[in-house]
Number of protein chains: 2
Amino acid sequence: MKKVLLIGAGKSSGYLIDYLLQHAVAEQYELTVADLSAEAALIKTKGLPNSRAIALDINNQKQSIQQIEAADIVISMLPASMHFPVAKACVELGKHMITASYVSPEIAGLHEEALKRDVLLLNEIGLDPGIDHMSAMKIIHEIKAKGGTVTSFKSFCGGLVAPESNNNPWGYKFSWNPRNVILAGQSTAKFLLNGSYQYLPYHRLFASSEVINIEGYGKFDAYANRDSLGYRKLYGIENIETMLRGTLRQHHFCEAWQVFVLLGLTDDSISVELEEHCTYGKFVSSFLPGIGSNLLQRLCAFTGRESEDSVIKMIEWTGILSDEPIGLQQATPARVLQQLLEKKWLLEPHDKDMVVMQHMFNYRSASGSQHRITSTLVVTGEDSIKTAMAKTVGLPLAMAVRRLINGSIHLRGVQIPVMPDLYLPILEELAGYGIVFEETEN
Amino acid sequence: MKKVLLIGAGKSSGYLIDYLLQHAVAEQYELTVADLSAEAALIKTKGLPNSRAIALDINNQKQSIQQIEAADIVISMLPASMHFPVAKACVELGKHMITASYVSPEIAGLHEEALKRDVLLLNEIGLDPGIDHMSAMKIIHEIKAKGGTVTSFKSFCGGLVAPESNNNPWGYKFSWNPRNVILAGQSTAKFLLNGSYQYLPYHRLFASSEVINIEGYGKFDAYANRDSLGYRKLYGIENIETMLRGTLRQHHFCEAWQVFVLLGLTDDSISVELEEHCTYGKFVSSFLPGIGSNLLQRLCAFTGRESEDSVIKMIEWTGILSDEPIGLQQATPARVLQQLLEKKWLLEPHDKDMVVMQHMFNYRSASGSQHRITSTLVVTGEDSIKTAMAKTVGLPLAMAVRRLINGSIHLRGVQIPVMPDLYLPILEELAGYGIVFEETEN
């Protein structure tokens with residue numbers, strides 16, 4: 001019996017585990033779910049046949065190696081920074097590994113060794129990155145097959161709250177790792193516009209968002225996401241003129257978030273002194289120019305806005321100007337902000353989240369005519385557990401694992417899902433779960 | 001015979017080596033100068049008695065250990081990030097080590113082990129940090145001895161160009177490591193103003209400089225330097241209300257440097273694509289909002305300034321908008337900017353540099369009266385080799401080494417020069433070299 005080891009039973013693992021256990025008996029594999037707490041793992045496996053729930057501290061090297069050694073395929077749902085030691089062990093022990101995270105330079109460095117050991121390290125096979133690559137590649141390959149040339153590719157994705165569950169001025173609730181939301185965008189974004197390289201540093205990123213209109217859902221802010229340039233080669237569109245991957249937020253979110261960035265409240269590199277009973281207001285006061293206890297007035301002066309301005313209202317709504325005690329002793333500004341927003345942006349049990357993705361392609365056909373394809377995916381969650389995020393991150397990952405078990409994936413080395421053999425059957429299967437793009441061409 | 005090993009014979013090592021060799025024969029010690037190139041080391045030792053010049057690649061662990069093992073005292077003039085392995089080896093081999101750099105958290109972590117091995121790791125004994133600590137501590141200890149209480153301490157220091165050698169609109173030339181100048185200020189500054197913690201993120205640092213007037217030398221810009229808060233404890237002034245350490249530049253420098261910061265040109269975390277023959281102008285175009293080949297116009301729009309504005313003139317003067325080819329293939333923006341400025345801000349052979357330091361103390365006397373002490377140091381260099389920077393960094397370090405050799409320093413563990421036993425004789429000896437503070441009190 002093949003053995004699958006899943007490390008990390010966090011927010012996004014529900015659909016992944018359910019899917020894998022649904023097929024485990026018939027297809028004769030066993031799934032071990034390993035988490036810091038065995039209870040958390042057991043809640044997810046529900047003790048279903050062919051499942052095991054175990055406690056595993058990934059920092060306990062001996063135990064980790066033991067578990068990896070006993071598996072055929074390892075799924076890492078750990079935070080991105082923790083994948084590398086697992087990947088290294090997998091290569092050394094000859095085990096396949098799958099993650100939904102970006103390929104880090106360290107992981108990329110394992111390619112040759114993985115090939116030698118006949119191992120697949122498949123990454124970026126969640127939602128974004130993941131479904132974005134697969135759905136974009138399908139269209140790019142179709143355009144190429146007809147002799148066309150892609151001249152522009154813009155792609156946006158956001159994990160948001162569904163309109164019916166939105167009851168705050170930011171139009172945002174956490175449907176995945178809050179820390180990633182707080183720290184998003186902290187390295188200079190790189191993209192290509194009309195043949196010109198564009199570099200956008202963090203302190204200007206949220207001030208440079210563009211407005212995207214998605215039919216039936218209204219306006220969204222889109223800000224550039226990391227390094228879009230590297231995907232030109234991976235997508236096989238080296239000569240493209242415009243290439244931009246971006247992140248979606250509710251319209252006006254970026255304008256208000258920029259205030260946090262400019263204040264320095266998203267900084268994760270320094271530790272600030274929080275005296276006993278230090279309040280959020282006192283904390284913010286250390287970042288606001290000027291003096292005096294009227295924080296609202298100082299915030300208005302800092303931003304050049306009136307106190308009735310909607311951005312000021314959004315900031316005030318978070319409670320960051322309030323007299324509420326923080327209750328931490330030493331923390332980075334980002335950690336203080338995260339703690340506050342985790343309370344305010346909590347996805348309540350019956351709240352529905354929403355995943356929105358849109359690709360926009362311009363291409364020149366073989367005959368020279370100009371075309372535009374817009375491809376849009378919207379998935380709405382059921383509740384705070386069965387989220388659209390967990391579904392769209394977990395299912396592609398799970399489907400890849402299952403295909404790897406039954407021997408239909410022959411890829412080896414460090415890979416992302418850009419080959420038709422890999423993405424076509426998965427996109428087809430995802431459609432059965434309501435994960436379908438709507439495509440328009442003109 | 002005692003043996004001193006100096007690793008790194010760079011810009012700031014001339015006075016240090018001259019001083020140590022001047023006393024070497026009489027005081028019976030030997031100085032080995034180790035540099036990547038033995039020739040560079042020999043130029044500095046001039047083959048003087050009791051000197052050796054050797055080639056040493058610090059990445060060659062075996063050779064480094066061998067050299068450290070053969071020494072009694074090790075001086076590291078390496079870049080700050082490279083001290084730690086040397087410090088670790090010194091502690092393990094029971095050798096004292098001296099540097100002019102800030103104590104990093106890793107070095108601080110060696111304190112207990114160093115005590116156990118009877119080893120001194122003396123850091124921050126150059127100019128800034130170094131002379132600033134020693135001269136400030138002297139005044140603080142004098143105030144305390146009279147029963148006074150220091151309520152405010154502001155201290156500024158800059159390595160600048162002397163007025164007679166200034167022929168550029170920035171009033172700046174490189175008298176020390178250019179890379180450190182380009183990257184200066186990149187972590188959020190921390191200080192204390194009237195009892196309130198202040199945190200200033202990098203993107204606002206140079207826009208928040210204050211103007212300092214130094215009698216006889218005119219106006220300077222001062223921006224907050226790193227973490228001033230930690231020195232409250234080290235200086236024994238835990239209850240002070242204002243505590244700010246800052247860096248000086250010629251007046252108006254900060255305003256113009258802020259444009260580079262906002263553009264993203266000081267970013268050292270990303271690599272940018274530089275096509276063949278890529279010019280500085282094209283490079284900047286990727287960071288400027290808007291499109292079109294009129295970079296000056298786009299820069300004016302970005303900064304909200306007229307083309308005749310002095311800040312725009314300063315930017316233009318650097319050549320960053322020019323058609324000159326960069327000649328690098330892949331580099332960080334900071335590296336591109338550094339390469340350009342190294343040409344423009346070169347200290348020519350007969351140029352004189354200038355070091356300016358000023359402390360401002362407010363204190364309350366035992367009787368309750370308020371006082372203010374201003375203490376100012378200005379040192380002018382002789383030429384581009386015998387710089388004020390090399391002199392003020394090298395001499396305190398050299399004097400500490402000599403005192404360590406002759407057994408008059410009994411300190412052990414990780415230390416900075418804040419004890420009278422250490423700083424008083426060194427300040428006195430520095431005065432003999434013209435390194436004297438002028439003090440006024442009112």
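The values are calculated or read from the model by the stated rules, or taken from the named source; none is laboratory data. This is a predicted model, so every value here is computed, not measured. All Cβ positions, glycine included, derive from the backbone under ideal geometry; neighbour counts span all protein chains shown. For accessibility, only protein heavy atoms count, side chains too; no ligands or nucleic acids. Shrake-Rupley method; radii C 1.70, N 1.55, O 1.52, S 1.80 Å.
At a glance:
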read-out	value
With every protein chain in place, region A:1-86: carbon and sulfur % of accessible area (1.4 Å)	55 percent
Region A:372-427: Rg to Rh, with Rh as the Kirkwood radius over Cα pairs	1.05
Under-5 Å amide H pairs with residue B:272, H placed in peptide plane, nonlocal only	B:331, B:332
Share of alpha-carbon pairs per 10 Å distance bin for region A:1-89, given as whole %	18, 55, 25, 1
Approximate shape of chain A as ellipsoid semi-axes (Cα gyration tensor, √5λ), whole Å, largest first	36, 29, 20
Ellipsoid equivalent to the protein assembly as shown - semi-axes via the Cα gyration tensor, in Å	53, 32, 29
222 nm mean residue ellipticity, helices alone, for the protein assembly as shown (DSSP H n ≥ 4; -39,500 (n - 2.57); rounded to 500)	-10000 deg cm²/dmol
Local net charge near residue A:164, Cβ-Cβ under 10 Å (Lys/Arg +1, Asp/Glu -1)	0
Dipole of chain A, positive end: most advanced residue of A:388, A:14, A:369 [Cβ charges, Cα centre]	A:369
Counted charge near residue B:211, where neighbours are those whose Cβ lies closer than 9 Å (Asp, Glu -1; Lys, Arg +1)	-1
Interatomic Cα distance distribution for region A:204-277, bins of 5 angstrom, percent	3, 13, 16, 16, 15, 14, 10, 6, 3, 2, 1, 0
Label spacing, shortest first and in nm, from residue A:61 to its equivalents in the remaining copies (7 angstrom along Cα→Cβ)	1.4
Interface A:B - total buried accessible surface [probe 1.4 Å, Å², rounded to 100]	2300 Å²
Listing of region A:283-308 residues, each with accessible area lower by at least 20 Å² in the full protein assembly than in the chain alone (probe 1.4 Å)	A:286, A:287
Per the axis that maps chain B onto chain A, nearest residue of B (Cβ criterion) and its distance in Å	B:203, 2
Probe 1.4 Å, accessible area per residue of region B:2-123, Å²	46 Å²
Rounded to the nearest 20 debye, dipole of the protein assembly as shown from Cβ charges on Lys, Arg, Asp, Glu	800 debye
With every protein chain in place, region B:102-161: carbon and sulfur % of accessible area (1.4 Å)	52 percent
Span-rule helices in chain A, defined as complete DSSP H runs reaching 20 Å or more along the axis (Cα) with Kyte mean at least 0.0	A:131-145, A:388-405
Shortest-first distances to equivalent copies, position residue A:219, nm, label 7 Å out along Cβ	4.2
Carbon/sulfur fraction of accessible area - region B:257-344, other protein chains in place, 1.4 Å, %	49 percent
Per residue accessible area in Å² of region B:381-441, where ligands, DNA and RNA are left out and the probe is 1.4 Å	41 Å²
Per residue solvent-accessible surface (Å²) - region B:247-287, probe of 1.4 Å	31 Å²
Net charge dipole size for region B:257-344 [Lys, Arg +1 and Asp, Glu -1 on Cβ; Debye, nearest 20]	140 debye
7 Å along Cα→Cβ, label-point gaps from residue A:365 to other copies, nm, shortest first	9.3
Listing of region A:186-221 residues, each with accessible area lower by at least 30 Å² in the full protein assembly than in the chain alone (probe 1.4 Å)	A:188, A:190, A:197, A:198, A:199, A:203, A:204
Length-normalised contact order for chain B - Cα pairs under 8 Å, 6+ apart - percent	20 percent
Low-density loop cleavage sites - GluC sites (Glu not before Pro) in region A:224-286, where at most 11 other Cβ are within 10 Å (DSSP)	A:238, A:275, A:276
Distance between region B:176-191 and region B:410-429 - C-alpha centres, whole angstrom	26 Å
Region A:192-211-region B:9-44 distance, computed between alpha-carbon centres (Å)	50 Å
Convex hull of Cα atoms in region A:257-344, direction-averaged projection (nm²)	5.3 nm²
Dipole-positive endmost among B:333, B:269, B:314 within region B:257-344 (Cβ charges, Cα centre)	B:314
